[in-house]
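The values are calculated or read from the model by the stated rules, or taken from the named source; none is laboratory data. Because the structure is a prediction, the values reported are computed rather than measured. Cβ placement follows ideal geometry from the backbone for every residue including glycine, while neighbour counts extend to all protein chains displayed. With ligands, DNA and RNA removed, areas are computed over all heavy atoms of the protein, side chains included. Shrake-Rupley method; radii C 1.70, N 1.55, O 1.52, S 1.80 Å.
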Amino acid sequence: MKSVSEKVDVVVAGGGTAGHIAAIQAARAGVTTSVIEAGTMLGGTMTAGGVYMPNHFYSTRGPVVLGIPWELYTKSKKTEGLPIPDYQKRRPVETPGYYSYINVPIYAAIAEQEAVDAGVILHYHEFVSHVRQDGNFWEITSLGRGIKRTTKAKEIIDCTGDADVVRMLGLPVIQDTKRQPGSYQYKIENIEHEQIWEKEVQAIYEEAMADRRLQKGDFAYPNMLPFKNFLDYGGHNCTHIYASDTSSADGQTTANIEGRKRMLRMFKFITTSIPGCERAVLKTMASHALGRDSFRADGEYMVAKEDFMKATDFKDKICNAFNYIDMHSESKGCEVTFLKSEELLPKVPFRALIPKGSSRITVAGRIVSSEKVAFAGIRAQCTCMAMGQAMGAAAALAVKRNMPSRVIPAKDIVALTLEHGAVPI
Ligand SMILES: Cc1cc2nc3c(=O)[nH]c(=O)nc-3n(C[C@H](O)[C@H](O)[C@H](O)COP(=O)(O)OP(=O)(O)OC[C@H]3O[C@@H](n4cnc5c(N)ncnc54)[C@H](O)[C@@H]3O)c2cc1C
């Protein structure tokens, strides 16, 4: 195995939803930045994971997340030759959401190009395996095929989705006793929709559930939507994998196997039992199963349900967090709770992104310090990306001022993100 070393100002651990934005922001602000990403591309859950629906750039009242996330989104739409939806003119239909969709290959390639152009050093196929403090520096060991890298950095941003770095440092974490189910994403195409009659198809689905050709969770939303809906929405499915734990390689492997088993079962059912689906094609599958929640940082502040539902106006707010609360469970399927008023615009405080008692490390994305219910609202992709941009800015300011990120005033962080197009908060 080759041993190599590197010295940068900022290491972003995990180049997923939050991490790729954090890295681009830090690098554009003028500090040397690397990304250590276990997977094969930037974007994490929103690209490799197959969840290509970033919520929410806009609320009914106007923009909530712009900045680098919006720049990449609009660049990818332009590359596709598609217009940018005029969110101000759209009406909320069944949710207050203004859904956006990305084309995964285009978005991942554009994000990568923007990162490279900003000077971000990318290390794919490498996972952070050990972190220790060495004076005012971090020493980060990452392992990849045939390589052991030792990186010295002043600041780390943990964007691993499972608080890997926070846990490696022995800092406190939160793990809910009962976690939401994980999911596996895939898409079945070539469905002849004119052949699909809602009541007939629903009866066939229910019969298959009764005789166990299909199992609970194969279609995750029976409490909310008829089965036909899944077929109509381009056959994009989001199975429920109960009690999965994707925070370790063993748990991830088990979840991948279960997810693909569910995918094949559904494909077999659809092609053999539903009129109009005989020539359906299993077109796309995600590279891995996903966890909605695993470990979160226990931060200097833990965002509570009330904070989210009442949109607490934190003094140290760093970005907006507009979304509905989206809770998944084995017993109920999916439950969605909306904010009481369209005027409410929840926020994320900087303290929720600083692990308790730590210095020179922040977190972004779904490991934000938050209680279970608040978390189910904050974890949406646009909020994760906005947290990433803010923590990229915090790390850059920390390096430039030669002080730990935790003492950088939130208003300075926000001011830097505003220079890079973010929404004033
Ligand atoms: C099934 C499902 C459906 C969802 N639906 C929606 C939706 O419709 N709209 C929406 O807005 N949100 C949705 N969400 C929520 C949202 O997608 C996630 O909360 C968000 O993408 C998490 O972003 P993240 O950056 O924290 O993690 P991720 O995007 O998962 O990124 C983490 C990255 O870290 C890497 N990594 C992990 N450990 C290491 C390590 N040790 N070393 C190096 N790299 C590492 C991973 O490979 C990954 O790329 C959904 C989530 C799930 C699971």
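Look at (1) part of a loop (DSSP other than H, G, I, E, B); (2) crowded, with 24+ Cβ neighbours inside 10 Å and you find that residue 72 fails only one, number (1).
So that you can scan it fast, the table gives a plain yes or no per residue for (1) out of contact with any Leu (no Cβ under 7 Å at 6 or more places or on another chain); (2) more than 16 Å from the ligand (Cβ to nearest atom):
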{"position": "347", "(1), (2)": "yes, yes"}
{"position": "350", "(1), (2)": "yes, yes"}
{"position": "360", "(1), (2)": "yes, yes"}
{"position": "363", "(1), (2)": "no, no"}
{"position": "370", "(1), (2)": "yes, no"}
{"position": "375", "(1), (2)": "yes, no"}
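Checked against (1) within 14 Å of the ligand (Cβ to nearest atom); (2) at pLDDT 95 or above; (3) open to solvent by 30 Å² or more (accessible area, probe 1.4 Å); (4) of a type in the set (Ser, Thr, Tyr), residue 101 meets all criteria but (2).
Being touching a Lys or Arg at 6+ places or on another chain (Cβ under 6 Å), in contact (Cβ under 8 Å) with a residue 12 or more places away in the chain and surrounded by 24 or more Cβ atoms within 10 Å (Cβ to Cβ) is the requirement here; does residue 354 meet it? So residue 354 fits the description; yes. With respect to the stated conditions, residue 81 is surrounded by fewer than 21 Cβ atoms within 10 Å (Cβ to Cβ) and away from the ligand (no atom under 16 Å from the Cβ). Within the range 279-292, is even one residue touching a helix residue (DSSP H, G or I) at 6+ places or on another chain (Cβ under 9 Å), open to solvent by less than 20 Å² (accessible area, probe 1.4 Å) and farther than 25 Å from residue 15 by Cβ? Yes, the range 279-292 contains at least one residue that is touching a helix residue (DSSP H, G or I) at 6+ places or on another chain (Cβ under 9 Å), open to solvent by less than 20 Å² (accessible area, probe 1.4 Å) and farther than 25 Å from residue 15 by Cβ.
Tell me yes or no: at least one residue of the range 124-137 is away from the ligand (no atom under 14 Å from the Cβ), of a type in the set (A, V, I, L, M, F, W, C) and without any contact (Cβ under 8 Å) to a residue 40 or more places away in the chain. Show your work before the answer.
Filtering the range 124-137 for residues away from the ligand (no atom under 14 Å from the Cβ) gives 132-137.
Still in the running and of a type in the set (A, V, I, L, M, F, W, C): 137.
Restricting the remaining residues to those that are without any contact (Cβ under 8 Å) to a residue 40 or more places away in the chain gives 137.
Within the range 124-137, one or more residues are away from the ligand (no atom under 14 Å from the Cβ), of a type in the set (A, V, I, L, M, F, W, C) and without any contact (Cβ under 8 Å) to a residue 40 or more places away in the chain.
Being open to solvent by less than 40 Å² (accessible area, probe 1.4 Å), more than 17 Å from the chain's Cα centre (by Cα) and small (Gly, Ala, Ser) holds for only one residue in 62, 39, and it is 62. The requirement of being closer than 25 Å to residue 103 by Cβ, modelled with pLDDT of 95 or more and touching a strand residue (DSSP E or B) at 6+ places or on another chain (Cβ under 7 Å) is not satisfied by residue 13.
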